[in-house]
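Take a look at the structure set out below.
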Amino acid sequence: MAEEDVVPETFRVLVESADRKFARVRDLPSYGRAQGQHYFQKVFKAYMRLWKYQQEHRPELVKAGLNRWEIGEIAGRIGQLYFGQYMRTSEARFLVEAYIFYEAILKRRYFEGCGVKDLRVRFKELRFYARFLLVSLILNRTEMVKVVVEKLRALIDDCKANFRETNFKEWKLVEQEILRFINIDTTFTIPSSRPFRYCAMLNCHPNSVPYVARFHAKKVLKFRDAILMSYHRNEVKFAELTLDVYRMLQCLEWEPSGSFYQKHPAEPKENGVAVDYSGASGLIDMNLAADMTDPALPPNPRKAILYRPSLTHLIAVMATICEELPPESIMLVYLSASGKPGQINTSHVETSGGSRRTRKSMVTSHSSLEQNCSATESHINGVKGPSDYYNDYLWLGPKGNGGR
């Protein structure tokens with residue numbers, strides 16, 4: 001092998017190795033304390049090695065034909081890894097790291113400037129914008145969300161004009177979802193609104209908050225995990241993050257030093273001069289969020305976010321989390337669904353694999369629904385009839401049934 005071919009070949013081997021490891025963790029479930037931790041460490045090391053190698057050998061790789069969008073794709077994968085780890089652990093530092101990488105991709109225009117005829121790269125750019133929007137939403141970076149929305153809208157219009165034979169209807173739906181989301185959410189409509197996260201600048205210290213009465217005289221239960229899900233039809237959502245779950249997610253997190261929502265990214269400078277990223281720069285600091293954790297605050301509870309899961313999937317998630325729950329810990333279940341007292345839809349017909357079957361998926365609710373005012377005499381006397389058990393309920397039908 002010629003000496004000038006060693007660097008490109010080594011780079012290609014590192015890319016293939018990192019991609020294989022990434023495929024292992026990409027579809028791992030985001031719930032459970034032991035899920036994918038070992039694989040995550042291996043794939044993260046693989047991408048760190050790849051990133052460092054392309055930084056050290058940038059001139060040789062560019063000479064061999066390395067494209068800017070390929071650098072952006074590597075940075076995007078690292079951002080995906082950080083965001084996936086945030087979803088598994090709820091540690092804010094991972095979310096911030098994902099934002100740093102995505103913001104660098106945007107500012108350095110890694111995906112811009114390539115030929116409009118390359119549809120494959122255009123789809124990579126569309127997916128990048130969608131992922132960056134989700135991270136920016138959760139971090140409440142309202143100004144960045146607006147910037148990325150405009151970028152996404154312009155790219156979709158450009159793709160429709162240059163690739164007329166390709167259907168971009170799904171991406172138009174993505175655009176409509178995010179526009180509807182930001183037009184309704186108070187974070188965007190009321191700029192001065194308080195953040196949902198616990199903020200030391202605006203809220204009292206945790207030690208001064210009255211505790212809930214203990215369940216046991218000698219035991220203090222700790223809030224460790226939460227399951228957040230919603231079943232309503234026609235919900236305001238982006239991707240699989242509904243507006244109510246989006247707010248609950250933030251309500252269950254601490255805001256380090258109270259400065260998360262106020263923080264504005266500074267323009268990168270070198271020697272007092274703004275950096276021009278139109279060139280082939282790939283320098284991204286890996287440790288900018290290393291000190292985001294606040295030792296004075298408890299860790300965020302882990303959160304499993306489910307979008308209209310089937311009842312069997314919901315039970316499986318709850319069983320996994322309960323099995324791994326540390327002693328003397330509790331789990332919060334937030335379930336938002338439709339239901340009316342005194343009415344019941346006894347069956348729902350579902351077609352699957354050419355067969356028809358009836359499924360009953362009911363969860364009794366004693367807190368979120370109103371009590372049935374027309375209770376029978378037997379119920380008043382403490383004896384329940386067969387129909388009384390279904391007076392208050394939430395209907396959890398299979399995914400795609402309209403949320404009943």
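The values are calculated or read from the model by the stated rules, or taken from the named source; none is laboratory data. This structure is a prediction, so every number in the text was calculated from the model and none was measured. Reconstructed Cβ throughout: ideal geometry from the backbone, glycine too, with neighbour counts over all protein chains shown. Just the protein is used for accessible areas: all its heavy atoms, side chains included, with ligands, DNA and RNA removed. Shrake-Rupley method; radii C 1.70, N 1.55, O 1.52, S 1.80 Å.
What strands (runs of 3 or more DSSP E) completely inside segment 295-373 contain at least 2 residues that are open to solvent by 50 Å² or more (accessible area, probe 1.4 Å) and at pLDDT below 90?
So the answer is 348-352, 355-359, 362-364.
Look through 98, 64 and report the one residue that is open to solvent by less than 30 Å² (accessible area, probe 1.4 Å) and of a type in the set (A, V, I, L, M, F, W, C).
On the way: 64 fails: open to solvent by less than 30 Å² (accessible area, probe 1.4 Å).
The match here is 98.
Take the conditions open to solvent by less than 10 Å² (accessible area, probe 1.4 Å) and under 26 Å from residue 317 (Cα atoms) and apply them to residue 82. Does it pass?
Taking the combined requirement at face value, the residue does not satisfy it.
Working only within segment 56-93, note down all residues that are in contact (Cβ under 8 Å) with a residue 60 or more places away in the chain and over 30 Å from residue 5 (Cα atoms).
87, 88, 89, 90, 91, 92, 93
Would segment 21-42 turn up any residue that is of a type in the set (Ser, Thr, Tyr), crowded, with 18+ Cβ neighbours inside 10 Å and touching a strand residue (DSSP E or B) at 6+ places or on another chain (Cβ under 9 Å)?
Yes, that holds for at least one residue.
Before we move on, is residue 123 free of Cβ contacts under 8 Å to residues at least 60 places away in the same chain, part of a helix (DSSP H, G or I), open to solvent by 20 Å² or more (accessible area, probe 1.4 Å) and closer than 29 Å to residue 197 by Cβ?
Judged against the criteria, residue 123 is not a match.
Only one of these is more than 30 Å from residue 320 (Cβ to Cβ), assigned to a helix (DSSP H, G or I) and either in contact with a helix residue (DSSP H, G or I) (Cβ under 9 Å, 6 or more places away or on another chain) or at pLDDT below 95 (or both): 81, 50, 66, 95. Name it. Show your work before the answer.
Values: 81 fails: more than 30 Å from residue 320 (Cβ to Cβ); 66 fails: assigned to a helix (DSSP H, G or I); 95 fails: more than 30 Å from residue 320 (Cβ to Cβ).
Exactly one of 81, 50, 66, 95 is more than 30 Å from residue 320 (Cβ to Cβ), assigned to a helix (DSSP H, G or I) and either in contact with a helix residue (DSSP H, G or I) (Cβ under 9 Å, 6 or more places away or on another chain) or at pLDDT below 95 (or both), namely 50.
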